[in-house]
1. What is the fewest-to-most order of Asp294, Asp42, Asp63 by other Cβ atoms lying within 10 Å of their Cβ?
2. Restricting to DSSP loop positions (anything but H, G, I, E, B) with no more than 10 other Cβ atoms inside 10 Å of their own Cβ, which trypsin sites (Lys or Arg not before Pro) remain in the stretch 43-97?
3. Set the Förster distance to 45 Å, then compute FRET efficiency between Ala208 and Phe4 from the Cβ-Cβ distance, nearest 0.05.
4. Pairs of Cα atoms under 8 Å, at least six residues apart: use those to get the relative contact order of the stretch 145-232, whole percent.
5. By count of other Cβ within 10 Å, fewest leading, how are Ile154, Ile215 ordered?
6. What ranking do Glu96, Glu157 get, fewest neighbouring Cβ atoms within 10 angstrom at the top?
7. Once fully extended, how much extra length lies between Lys225 and Arg66, figured as 0.36 nm per residue of separation less the alpha-carbon to alpha-carbon distance?
8. Considering Cα pairs under 8 angstrom that are at least six residues apart, work out the relative contact order of the stretch 191-242 and quote it in whole percent.
Amino acid sequence: MGEFQAWFRSDADCLDYLEWLRWPDGFICSGCGHAGGWQIADGRFECAACASRTSVTAGTIFDRTRTPLTVWFTACWLFASQKDGISALSLQRQLEIGSYQTAWAMLGRLRSVLVRPERERLAGEVEVDESYFGGEEPGLRGGRQKGKKVLVGIAVERTEPTGFGRARMAPLPDASGEALRAFLTANVEPGARVITDGWPAYRPATAALYDHEPIPGASGAEASKLLPGVHKVASLAKRWLLGTHQGSVDAAHLPGYLNEFVFRFNRRRSRSRGLVFYRVLELAVAHDPVRYRDLIASPRPGSGPPRTPPGTRGHPPSMERPPAGRPWRRTPASAPSLKRLYTGSPSR
Ligand SMILES: [Zn+2]
């Protein structure tokens, strides 16, 4: 935190960091690919070959943002460095963001860069199972009900001699062999040992690609002992959705939240929070702009996210502030003292 504050004191510091991330070896024109150009008076870059002009943030998730970069960076720091990330409501309050929608959209944009940040699929011994998310109670496969429940595929690496490695999660259309095979091929390296509860659909799902080890009884009362990895990850993810996000995540946005959970879970042993922050920003400057209407896109009308466009109630102030000069010493005698406001003690 100290280092974060020392590095990013001003909006200009943040802009320079994004420039360094985007063009580590100097400006490259996104129009013609030419390497080389110069900075013009308004801060934009002009290509030496085709004369097209672009800004550091153009074409990234910060494209046309009216939120100061110091606010963006602080949001990203909280998102990346806190054990459970941050909710839109907390972000709005902490950074004095004018509307909930703006805070919600900032986190949505950060979340959207986490789509497949790592290309390497899980390998070795991998537990695979499904679980229902949402609804009144997370149930088992057989208890399918109409409503808000979403079936989620979960895969977790086992490590020797005990413990777990990386995880992956994604919503499934159903628990059929076809759906499970699509989940497996997207997330688990062919040749891996796939450990399941023996649900019949796993046989066609793993055929010819994986070494399938069904554990009979792993869907019953002993499930959490026989498939401890997937149960642990499922319960941590559900607790996170209920705790940090108060269970307010709807089906349309669940994939993004699952990506966020997995991104953080897979870096839970990272010794440097700063590296996690760096990775999110690195993905953010390499990611195309995300429009607000794409963030709220929901297949079911009437569900979920805020409908009001963000920014209708003004933009948050920059975190870059001039020194305040100990304002508590300058309180006029006639005004109620700050000390009294804080302690609530009566004046004498
Ligand atoms: Zn060019």
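Where a number appears in this text, it was derived from the coordinates with a stated rule and is not lab data. These numbers come from a predicted model, not from an experiment. Please note: Cβ atoms are built from the backbone with ideal geometry, for glycine as well, and neighbour counts cover all protein chains shown.
1. Going from least to most buried by this count: Asp42, Asp294, Asp63.
2. Listed in order of number, the matching sites are Arg64, Arg66, Lys83.
3. Taking R0 as 45 Å, the efficiency between Ala208 and Phe4 is 0.35.
4. 24 percent
5. Ranked by crowding around the Cβ, least crowded first: Ile215, Ile154.
6. Lowest to highest Cβ neighbour count: Glu96, Glu157.
7. That works out to 52.2 nm of additional length.
8. For the stretch 191-242, the relative contact order is 32 percent.
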